[in-house]
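In what follows, a single structure is set out as structure tokens and then discussed.
The values are calculated or read from the model by the stated rules, or taken from the named source; none is laboratory data. As the structure is a computational prediction, the values presented were derived from the model and not from experiment. Glycine also receives a Cβ, built like all others from the backbone with ideal geometry; neighbour counts cover every protein chain displayed. With ligands, DNA and RNA removed, areas are computed over all heavy atoms of the protein, side chains included. Shrake-Rupley method; radii C 1.70, N 1.55, O 1.52, S 1.80 Å.
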Amino acid sequence: MRRLFESLSGMVKRESDPLGDPRTATNWMKDIRQQDIAGQLLAVREMIGRIEGREGISLHTLQSLFVIDEKIQPTFDQVKQQYIQNPRAGKAVEEKLWNEVVGFARAMLAAYHPFVRLEEPSPEEEAGFLQASGLMLARALHYVGIQVKWHYFRFQSPPATLWAAANQLYRLAELSGVDSHSFRLYSEQESQTTSCTDEFIRIQMLATLNNGNFNLRQYDWADRWLMLWSRQVQVERKYREGVHQFCVNLGEPSGPAKIHEAIEGEMLRFWGVGELLAEMAKVISQLEAGDTPARLGLGDDARMPACLDFLRQLEILWSRERNQQLGRSERTKVSKLVQVTSGLSNIFTAIRFDDERAMLRSSARTAPDNDEVMDMKLYGYVTDRTKQKLAMAQARNHAYVNKAKTIDHDEWIVENQSAGGFGAVLPLEGHDWVRLGVLLALRNHEQDSWMIAVIRRLNRINGEQLYAGVQILSSTPVASSMKSLEPERAVSMSAVEGIDTVGLTLPKSGLYIPYLGEGKRANTLLIHSADYAPGRLYQVTARDKIFVVRIGETLEKGPDWIWAMIELMRRDA
């Protein structure tokens, strides 16, 4: 009788083992749903923690892990959403939620690890393990991605161990021939299919956002959108010039790198963003035409205009028009202040004031003053009294010009500089307008002329400081006023004081920038995005000279500006 009881007890124990078979795992997950969110996650973590020390892991163990992983997702998603939806939570709450998310992802990754490194499964289970390997590796990559994402939420660089895990898992998927196999990662929660390559690319492309001043919500949007667009990115083993912009070394514990020159290597993987940008351009166009983010699959929480603005920032970040192949000049450490102003209106005004000051200085002494002429006639020389009078008048004139034409500006602390730009450290407070592609006017001192620059790189140093990498586009811009010579939509204006203003258009502003490309000098204009149209004719006035130009191809574009080539048609004056 005793032996029979022990036998029955052993059978019950084996049947109640959630890691023994998928059915038992399903029933166990139903039981723990009676607990609160924290209790469910803790129970799952304790259960999957037994896999590492388990004697003899089988295909049934992996299948049971699949079930537990699948069933816990709604609960895990709730914790992730609590963190994402409360970006201003207190330090204690943020710390607790962050540790819950990252800790659970770390535990799940560790649970899959024994199956990842399993080299010789039993012959009767070998086919089953091979069939499950694609999903197993994709889910492991998914949990690596969650940890990477949550480190970026804190503006931290992911540890090298995570990059090593991502690269090794993808390499195993390649060797197993399952890197491109398509399936639903969690069949009960998602309709979108994925693959090991898709999960790998999501991690790599999310890492490229580390060069932007993005907040928690934007990182989350980008990660979800990459789930939709990852198929537009193809990972290849051979570098193709003009096609690939990024690469990663699968043999190193590091993330993606931008390609600056042709390279090759057995463990290098390359990809480009051309097709991704084309897909993004379609989405941007649809949003601009009035479609909604939710209908385009961007998420119910994606709101206009913030969603469209962020898409444009991503387009700038990933665009090949950002001179990705540009070589970098050597940087030197410095410590100095530069004056910076932003906003197209402020920038155009600053450059125009510089031009007027330069023209005033050049013309100030081209003709003799009347008092000087009279002195020469009467005495044969200019008297000291007349000289003093002229000097005082000129000083008053310059003082008036400088006072009347002061530009509101900020001061940035520059910590390094090169021939083409500089790096500055800024406080986060008051600089929420700082974004990739934002145009700047800057100068070293008040008596210097303003230069045109663009923000190329951003990186959060900590919760209070931001690093900005700035490239100088031109040190000699010229302010221009523009008038379209082609029919365009007129600004609606009513009659003012008896003057009929119907048909009049407001003047447009731009900057003429000398450009040296491929060893040849070219004429270019930097204008507001709304004023750009390929082939459009403009009458341009710059420093009292009048030209007719045709707008050509785009050199570069920012959030609200376009830098375009121009063809000089004729000079009118």
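Identify all residues within the range 93-133 that are surrounded by fewer than 21 Cβ atoms within 10 Å (Cβ to Cβ), farther than 22 Å from Leu41 by Cα and in contact (Cβ under 8 Å) with a residue 12 or more places away in the chain; write none if there are none.
Val116, Leu118, Pro121, Ser122, Glu125, Gly128, Phe129, Leu130, Ala132
Among Lys282, Lys238, Lys258, which is the only one that is modelled with pLDDT of 90 or more and over 20 Å from Ala173 (Cβ atoms)?
None of the others qualify; the one that does is Lys282.
Run Val178 past the list (1) open to solvent by less than 10 Å² (accessible area, probe 1.4 Å); (2) part of a helix (DSSP H, G or I); (3) of a type in the set (A, V, I, L, M, F, W, C) and report the number of the one that doesn't hold.
That leaves (2) as the condition not met.
With (1) free of Cβ contacts under 8 Å to residues at least 60 places away in the same chain; (2) out of contact with any Cys (no Cβ under 9 Å at 6 or more places or on another chain) as the list, and Ala160 as the residue in question, which single condition is left unmet?
Status for Ala160: all satisfied but (1).
Out of all the residues in the range 212-252, which are closer than 24 Å to Leu185 by Cβ, among the polar types (S, T, N, Q) and not in a helix (DSSP H, G or I)?
Of everything in the range 212-252, just one residue is closer than 24 Å to Leu185 by Cβ, among the polar types (S, T, N, Q) and not in a helix (DSSP H, G or I), namely Gln234.
If I ask for residues that are open to solvent by 10 Å² or more (accessible area, probe 1.4 Å) and free of Cβ contacts under 8 Å to residues at least 40 places away in the same chain, which ones from the range 302-322 would you list?
Arg303, Met304, Pro305, Ala306, Leu308, Glu315
Anything in the range 134-159 that is crowded, with 19+ Cβ neighbours inside 10 Å, among the hydroxyl-bearing types (Ser, Thr, Tyr) and modelled with pLDDT under 95? List them, or say none.
Of everything in the range 134-159, just one residue is crowded, with 19+ Cβ neighbours inside 10 Å, among the hydroxyl-bearing types (Ser, Thr, Tyr) and modelled with pLDDT under 95, namely Tyr152.
Quick one: which of Gln286, Gln232, Gln204, Gln218 is crowded, with 19+ Cβ neighbours inside 10 Å, out of contact with any Cys (no Cβ under 7 Å at 6 or more places or on another chain) and not aromatic (Phe, Trp, Tyr)? Step through it out loud before you land on a result.
On the way: Gln286 fails: crowded, with 19+ Cβ neighbours inside 10 Å; Gln232 fails: crowded, with 19+ Cβ neighbours inside 10 Å; Gln218 fails: crowded, with 19+ Cβ neighbours inside 10 Å.
Result: Gln204 is the single residue among Gln286, Gln232, Gln204, Gln218 that is crowded, with 19+ Cβ neighbours inside 10 Å, out of contact with any Cys (no Cβ under 7 Å at 6 or more places or on another chain) and not aromatic (Phe, Trp, Tyr).
List the pairs whose first member sits in the range 186-207 and is without any contact (Cβ under 8 Å) to a residue 40 or more places away in the chain and closer than 29 Å to Gln156 by Cα, whose second member is open to solvent by 10 Å² or more (accessible area, probe 1.4 Å) and part of a loop (DSSP other than H, G, I, E, B), and whose Cβ atoms are under 6 Å apart, counting only residues at least 6 apart or on separate chains?
Pairs found: Thr197/Asp179; Thr197/Ser180; Thr197/Val235.
Sort out which residues of the range 253-284 are under 17 Å from Tyr239 (Cα atoms) and in a loop (DSSP other than H, G, I, E, B), and write them in order of number.
Residues satisfying the conditions are Pro256, Ile259, His260, Glu261, Ala262, Ile263, Glu264, Gly265, Glu266, Met267, Gly272, Val273.
So which residues in the range 44-58 are surrounded by fewer than 19 Cβ atoms within 10 Å (Cβ to Cβ) and assigned to a helix (DSSP H, G or I)?
Arg45, Glu46
If a residue must be open to solvent by 50 Å² or more (accessible area, probe 1.4 Å) and among the aliphatic types (A, V, I, L, M), how many such residues does the range 240-256 contain?
Qualifying residue count, the range 240-256: 1.
Being among the polar types (S, T, N, Q) and open to solvent by 10 Å² or more (accessible area, probe 1.4 Å) is the requirement here; does Gln192 meet it?
yes
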